[in-house]
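> Let me begin by handing over the structure; questions about it come next.
Bear in mind that the values in this text are calculations on the coordinates, not laboratory data. If you're wondering where the values come from, they're calculated on a predicted model, not measured in any experiment.
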Amino acid sequence: MGRFTRAYLEAALWASTDEGGEPLDGLYTVDDLAPEALAAAKDDCEDFQATYGADFAGREARAGADFWLTRNRHGAGFWDGDWPGDVAKRLTEASHAYGSVDLYVGDDGKLYFTS
C-alpha cells in the first residue's frame, strides 16, 4: 500500500468515531478494514492519484490525508492554505466530486465505508 492510500486510511481512522464517540484510531488499525472497504479505498486513492498526482508529487502522505478530509468536508484539507491557490482549488473540487463517505464498525467488528 502506498503512502497516499495509507495516509488516507489513517486520516479516516483518526477523524471517525464509533457509536460511543470514541476515535476509531484508538481502537482499530488499517488492518481492521473489511476487504471490500480496503479495495474501495484503494480504487478511489489510485484514481485520484492517477488524475491529480502531478499536483502533489513528493507530498503523497499529506495529500492522502487531505483527500480524506476534503472529500468529507472536515475543517481542514486541500483548501486550508497548505497548497498553492490554483492547486488547492483544483484538488478541493476534485475531492468533493468523489462525495462523502463514512467509516463505521460492522456487526462483524470489521470497518466499512458508507456514503
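> Taking the Cα atoms of the chain, what is the range of coordinates along each of the three principal axes, in descending order and whole Å?
43, 25, 22
> Which ³J(HN,Hα) values, rounded to whole Hz and listed in residue order, are derived for the stretch 104-109 from phi using the Karplus coefficients 6.51, -1.76 and 1.60 in 6.51 cos²θ - 1.76 cosθ + 1.60 with θ = phi - 60°, glycine and proline given as x?
9, 8, x, 4, 8, x
> Name the residue, out of 70, 51, 29, whose mean-square fluctuation peaks in a Gaussian network model built on the chain with Cα pairs under 10 Å.
For the chain, modelled as a Gaussian network with Cα springs under 10 Å, the answer is 51.
> Please identify, among 81, 20, 58, the residue showing maximal mean-square fluctuation in a Gaussian network model of the chain using a 10 angstrom Cα cutoff.
Maximum among the listed residues: 20.
> Of the residues 34, 76, 57, which exhibits the maximal mean-square fluctuation in a Gaussian network model of the chain defined by a 10 Å Cα contact cut-off?
57
> Here is a follow-up. Working from Cα positions, state the angle (0 to 90°, nearest 10) between the long axis of helix 3-14 and the longest principal axis of the chain.
In the chain, helix 3-14 runs at an angle near 50 degrees to the longest axis.
> Per the Kirkwood definition applied to all pairs of different Cα atoms, how many angstroms is the hydrodynamic radius of the stretch 47-114?
In the stretch 47-114 this quantity evaluates to 12.7 Å.
> For the Cα atoms of the chain, what angle does the longest principal axis make with the long axis of helix 60-71, in degrees from 0 to 90, nearest 10?
It works out to around 70 degrees.
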